Each structure stands twice: as C-alpha cells, then as structure tokens.
Amino acid sequence: MDPERPLRDVHLPLPRVDLRVTRRADTSGTDEGFDIESSTLRRILIVAYRTAGTPGLLDEVHSRATHERCRFVLLVPRPYWDPETEEAALTLELAIPLLEEAAGGHVEGLIGDTDPLVAVRETLEREPFDEVIVSTLPARVSHWLRRDLPSRVEQLGVSVTVVTARTSSRRLLTER
C-alpha cells in the first residue's frame with residue numbers, strides 16, 4: 001500500500017436535501033415510472049471486514065441506491081492482530097471501488113476500533129445514521145454473530161440489516 005496515497009476517511013458534512021418520490025401517470029400500462037420530486041437522503045453505515053466486497057453486500061447496496069437516495073459509509077473495524085490498521089486499510093482499498101460501482105457514487109471509508117461494537121458506537125457519536133448494515137461471514141464461522149453484534153448495535157437506537165455472505169456449495173480442496 002502506498003503510504004503517500006490518502007485513504008478516503010475525510011469527514012465532510014453533507015447538506016440535507018429533502019426530496020419526495022411521487023408516481024407519474026403511466027401511459028405504458030406498467031407501473032414502473034416515477035419522478036423524484038423530493039425525498040430524504042438516507043445515511044447508511046456499512047460495517048464489514050472480510051465481507052466488504054462480497055456479492056451479497058454489493059447487491060444490497062445496489063438495491064438501496066436504485067430505490068432511494070443514499071449516502072454510504074463503509075466502517076472497517078481494525079483486526080485485533082493488526083494494531084497499525086494495515087489490514088483494515090487494505091480492506092478499504094479493495095472494497096471501496098466495488099461498493100462505489102454498486103452504489104453508483106462515492107462511498108466514504110473509515111477504520112474503527114478493534115471491537116466492532118465500539119467502532120459503530122464511536123461512529124454514531126460523531127455522525128447520525130439512519131441504518132447500519134452489518135455484513136458478516138456465515139453463522140458457523142462468524143464471531144460477530146456469535147457475539148450478537150446486530151442486536152447490540154440495535155440497542156444503540158439505529159435500525160440494523162444483516163447481510164450474510166454465502167458459503168460455497170463446492171467442496172474445497174485442503175491438500176494438493
């Protein structure tokens with residue numbers, strides 16, 4: 001990683017824009033068209049580490065961005081074995097372009113505390129979010145699910161969506 005290249009962790013307040021979604025008269029026989037008159041920008045915090053660029057999370061981000069105006073921030077908790085944040089920075093570097101493509105726009109990246117709950121709490125104290133997406137490994141291997149991170153984040157007063165990475169249905173080779 002190039003130490004001269006800054007990561008995307010600038011915290012700039014975005015202006016609030018009020019928009020309302022209204023349906024327009026449909027003359028084609030389908031009900032798919034709508035005009036955006038006014039609606040609120042939805043602020044979504046994504047908490048992920050190993051799953052930050054997985055298809056399920058990318059699909060969720062794309063779906064949200066397609067149906068409503070969103071601002072996404074990816075929070076990557078530092079792994080406890082890497083106090084210098086190199087691993088978390090690499091995760092951001094790899095995941096941000098994928099998430100930006102899925103979102104159709106800028107995604108901010110943050111590195112947080114080694115405890116994901118502390119990382120989320122500190123981020124929510126700095127800036128309000130409408131929702132937190134917890135992206136996690138499958139239940140059988142997820143430390144975050146074992147620690148009940150989604151429920152604990154909900155207790156901070158924010159709605160939570162859990163996106164769980166799929167496991168491979170193929171048998172993995174363990175030896176060559």
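The values are calculated or read from the model by the stated rules, or taken from the named source; none is laboratory data. Here the structure is a predicted model, which is why all the values come from computation and not from measurement. Glycine gets a Cβ as well: all are built from the backbone with ideal geometry, and neighbour counts include every protein chain shown.
Remarks
- Flag if Val132 is within 18 Å of Val61 (Cα to Cα), in contact with an Asp or Glu (Cβ under 8 Å, 6 or more places away or on another chain) and either surrounded by 20 or more Cβ atoms within 10 Å (Cβ to Cβ) or touching a residue at least 60 places away in the same chain (Cβ under 8 Å) (or both): no
- Restricting attention to region 104-150 and to residues that are more than 16 Å from the chain's Cα centre (by Cα) and among the basic types (Lys, Arg), the residue that is nearest to Leu41 (Cα to Cα) turns out to be Arg126.
- Residue match in region 127-150 (condition: part of a helix (DSSP H, G or I), out of contact with any Pro (no Cβ under 6 Å at 6 or more places or on another chain) and within 19 Å of Ile96 (Cα to Cα)): no
- Of all residues in region 40-68, those satisfying the criterion of being touching a residue at least 40 places away in the same chain (Cβ under 8 Å) and β-branched (Val, Ile, Thr) are Ile44, Ile46, Val47, Thr51, Thr54, Val61.
- Here Ala88 fulfils each of the conditions (1) among the aliphatic types (A, V, I, L, M); (2) modelled with pLDDT of 95 or more; (3) under 22 Å from Pro138 (Cβ atoms); (4) buried (at least 19 other Cβ atoms within 10 Å of the Cβ) apart from (2).
- Residue within region 92-104 that is among the β-branched types (Val, Ile, Thr), surrounded by 18 or more Cβ atoms within 10 Å (Cβ to Cβ), assigned to a helix (DSSP H, G or I) and modelled with pLDDT of 95 or more present: yes
- Answer from Arg16, Arg43 - the residue that is under 25 Å from Arg126 (Cβ atoms) and either modelled with pLDDT under 95 or in a helix (DSSP H, G or I) (or both): Arg16
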